[in-house]
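What follows draws every value from the coordinates through simple rules; no lab data is involved. Quick caveat: nothing in here was measured; it's all calculated off a predicted structure. When we count neighbours, we look across all protein chains shown, and the Cβ atoms used for this are built from the backbone with ideal geometry, even at glycine.
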Amino acid sequence: MDTFSSISHVSPPVMLDPSHRPGSSSEEASSIRYPPFIFNETFDILSKTIVSKHDEILYLEHLCCLGRPLSAAYLQTELRDLSRLLEYAGEKVLCCTSQTPVAQMTPIALLASIFCRVAVHLSPFSMLAHSLFSGHMATALHLSKHRDAIYVCYPSEPILRQRISSSEHKLGVLDALKSALSQGIFEKGHRGEIVGQLVPLYAMDSCWKDTPTSVSLKDFLTLFGRDGAPV
């Protein structure tokens, strides 16, 4: 599904869907819609399963091959441009250009920038789940029989990862998370699991500069000191 796609494109309303129905003379049976095709088995299909060195795991080209096969297929062409691919992936997640100020990003865009990096369980009945799927690269896992609930998630896909480096972006994400939590769209966890994911995530962002790289445990733990801690 591309940006601004809609669930109705997958399974339109009965009145707009003249496709084949199970044969029956009754009106109720004739209105039964076939379920949509949800096929996610192509994830990681073009990824490298063998690397010669440990550091190769963090190479951008290797990371970009994880997830949807389209990115890996693009990197195999003569037109390959890794920096443009990363920029394009970020624009797809945020549904705005890379030059858009954080203050002008929508709350959904800010949530998408963090949901593709942490594990959350979203209410399938919320409009947020629909919006993340239709415009922010979330993956649909299941659509309910009555089309009133869609189960979405963000499988591990490094190319969608947006490094949250600026304080303004961090605060924007935290405000959006606080608002979503207050509306019951998702739970922070019985033991604060969401916070437990965000703290080391922000710490690792501070360790990395421009690209993913190996970080020693000592350097990582140093960020949790009292002086100048970024998290």
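Extension gain for Leu174 to Arg191 (0.36 nm times residue separation, less C-alpha to C-alpha distance): 4.3 nm.
Label sites at Met127 and Glu87, each approximated as a point 7 angstrom past Cα along Cα to Cβ, lie 3.3 nm apart. A full extension of the chain between Cys96 and Ala73 corresponds to an added length of 5.9 nm, given 0.36 nm per residue minus the alpha carbon distance. What the phi angles of the stretch 128-139 give under the Karplus curve with 6.51, -1.76 and 1.60, with θ = phi - 60°, is a coupling list of 4, 4, 5, 5, 5, 6, 7, x, 9, 6, 5, 9 Hz, glycine and proline written as x. Computed from point charges on the beta carbon alone (+1 for Lys and Arg, -1 for Asp and Glu), the dipole magnitude for the stretch 38-126 about its Cα centre is near 160 Debye.
Converting phi to 3J(HN,Hα) with the Karplus coefficients 6.51, -1.76 and 1.60 and the offset θ = phi - 60°, the stretch 186-191 yields 8, 10, 7, x, 5, 10 Hz in sequence order, with x at every glycine or proline.
Net charge around Arg84, counting only other residues with Cβ within less than 13 Å of its Cβ (Lys, Arg = +1; Asp, Glu = -1)? Spell out each step's value before the answer.
Working: positive: Arg80, Lys92; negative: Asp81, Glu87, Glu91.
So the surrounding residues net to -1.
How big is the gap, in Å, between the Cα center of the stretch 113-175 and the Cα center of the stretch 84-110? Cα centroid to Cα centroid, the span is 14 Å.
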